1. Let me know the charge dipole size of region 133-234 about its Cα centre in debye, to the nearest 20, where only the beta-carbon of Lys, Arg (+1) and Asp, Glu (-1) is charged.
2. Along region 246-252, what does the Karplus equation 6.51 cos²θ - 1.76 cosθ + 1.60 (θ = phi - 60°) give for ³J(HN,Hα), rounded to whole Hz, x for Gly and Pro?
3. For a quick check: with amide H placed at 1.01 Å from N, whose amide H comes under 5 Å from Q144's, ignoring anything fewer than 5 positions away on the same chain?
4. Give me, ordered by chain and number, the residues 5 or more places off I198 or on other chains with an amide H under 5 Å from its own placed amide H.
5. Which FRET efficiency, nearest 0.05, do Q144 and I171 yield, Cβ-Cβ r, R0 35 Å?
6. Taking Cα centroids, how far is region 144-181 from region 221-267 in Å?
7. Give the whole-number value, in cubic angstrom per residue, of the convex hull volume spanned by the C-alpha atoms of region 133-234.
8. As a footprinting exposure proxy, order L68, L254 by other Cβ within 10 Å, with the fewest listed first.
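No lab work stands behind these numbers, since they all come straight from the coordinates. The structure presented is a predicted model; accordingly, all values stated were derived computationally and were not measured. Note that we place each Cβ from the backbone using ideal geometry, even for glycine, and neighbour counts take in every protein chain shown.
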Amino acid sequence: MTLFVSLERGGSIGALCHATGTNGDAAGARSSKSMINGTTGCDQDLPIWAVKMMEKYDSCAGRLEKALVVSFEKILNKIEEITVCQEGILSRIDALEKSVSGLERAGAKLDQNTLYSTIVKVRADGMRIDEKMRRIAWIGIPEQGGEAKTKKFDTEALKEAIETFCDEELINEFAKGNITARRHPPDQPRGVNDRGRIIKIDLPSQALKDRLLHHMKSGRQSLTKKFVHSYARRDYTIGELEIDRSLRRQAGELNAKSGRLEYVVRDLQIHRLRNPRELPSQERAKAQEVIRNPCEGISRQSTVPSPSHSPLAGFATSP
């Protein structure tokens, strides 16, 4: 680094001193001679501020160089990692393409009719599940001796359940005819003393179904209060019905052994009542028969296709 210093003496321009310092020398100020007009010269040390400035610049340059070197090393390492990762991804894609092309060559072409029927079945199953998500199943309500009387009673019972809930949206939808009740299976009426068919309540949305179901589970109203074995639940899918039937058979066997209505099934779980009830006389006789011949009774229950016709499974679902 070269520094020129101009000194003014006696009103005239004095000698110019040429000073040269080396990089990294803390005492790096060297004196030099500068010839003016070829005859005169001067030796002068650099000022302290100039030496400090040179040292500062040299230190900053060193730190900047180190920082740049480290940064570039990191960038190069990252680029190398990205390159390796990219090569791995490309190799996997190549292997996948080879596998797919091999399957296309080896396997038979997919039948369009099979594909169409599969799509139709999936959409139909989705629609059925959506309908079940908007439906309530009301169990244990006896029939009234005729399809017309039964339908009228079911409508009045549903109306009472909705009006006691005091939900304006539910009341309005019921008044519009968007909330309906029907017996399942249809057109198969049963006697007054027989176990009634399930009442299925259809609602416009799942949110309305959830609110009404919560209210119906909280307690029975005046028209259904005497039906102590009645309860409401969501409409099960086929798989859930199989689980429910198996649990109800187990609860029926437990009730047969205890001789009381002690175990019930709720929400796909067996629950034990805090206050067990007496079984009806007809079912109590069947329970005694099961106790006397447990193997025969269990075998008879296992062959029943539906829990609604099982000796004790029907009462295994009471609340």
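1. Charge dipole of region 133-234: 400 debye, to the nearest 20.
2. 5, 5, 5, 5, 4, 5, x
3. T150
4. Residues meeting the amide H criterion: H184.
5. Calculated transfer efficiency: 0.90.
6. Between the Cα centre of region 144-181 and that of region 221-267, the gap is 24 Å.
7. That works out to 89 Å³ per residue.
8. By the 10 Å Cβ count, ascending, the order reads L68, L254.
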